[in-house]
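Everything on this sheet refers to the single structure shown next.
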Amino acid sequence: MKQCTHADALPAPEPAPLSDTCPECQAAGSHPVQLRLCLSCGYVGCCDTSPGRHSTEHYKESGHPIMRTFEPGENWRWCFVDHVLV
């Protein structure tokens, strides 16, 4: 089973969210399907089911490896580099 090699480098505590919604979706007048929180910098972006896929774009631009769900009642994390749940 593949494991994430980036989780040990995450800041503790988690960074504070920079927004409560995806700013790119908000600026475009669209609505995100679900939100993700970057665990390196606090960026909040929309999921890959949303038209903008801004969380993935943030990873591609920043290289920040792990995002977690920003949805109430959920607590999973995803490593973009290793393609695994953390």
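The values are calculated or read from the model by the stated rules, or taken from the named source; none is laboratory data. On a predicted model such as this, the values are computed, not experimentally measured, just so you know. FYI the Cβ positions are ideal-geometry reconstructions off the backbone, even for glycines, and counts take in every protein chain you see.
Could you figure out which of (1) of a type outside the set (A, V, I, L, M); (2) out of contact with any Ser or Thr (no Cβ under 7 Å at 6 or more places or on another chain); (3) closer than 19 Å to residue 86 by Cα; (4) modelled with pLDDT of 95 or more isn't true of residue 36?
Going through the list (1) of a type outside the set (A, V, I, L, M); (2) out of contact with any Ser or Thr (no Cβ under 7 Å at 6 or more places or on another chain); (3) closer than 19 Å to residue 86 by Cα; (4) modelled with pLDDT of 95 or more, residue 36 breaks only (2).
So residue 2 passes all but one of these: (1) touching a strand residue (DSSP E or B) at 6+ places or on another chain (Cβ under 6 Å); (2) within 17 Å of residue 74 (Cα to Cα); (3) of a type in the set (D, E, K, R). Which condition number does it fail?
(2)
Name the residue that is surrounded by the fewest Cβ atoms within 10 Å (Cβ to Cβ), counting only residues in the stretch 25-40 that are over 18 Å from residue 69 (Cβ atoms) and either among the hydrophobic types (A, V, I, L, M, F, W, C) or under 16 Å from the mean Cα position of the chain (by Cα) (or both).
27
Please specify each residue of the stretch 1-24 satisfying the condition of being surrounded by 15 or more Cβ atoms within 10 Å (Cβ to Cβ), within 17 Å of residue 85 (Cβ to Cβ) and either free of Cβ contacts under 8 Å to residues at least 60 places away in the same chain or among the basic types (Lys, Arg) (or both).
10
Need the failing condition index for residue 76 against (1) touching a residue at least 24 places away in the same chain (Cβ under 8 Å); (2) among the hydrophobic types (A, V, I, L, M, F, W, C); (3) surrounded by fewer than 16 Cβ atoms within 10 Å (Cβ to Cβ), just the number.
For residue 76, the exception is condition (1).
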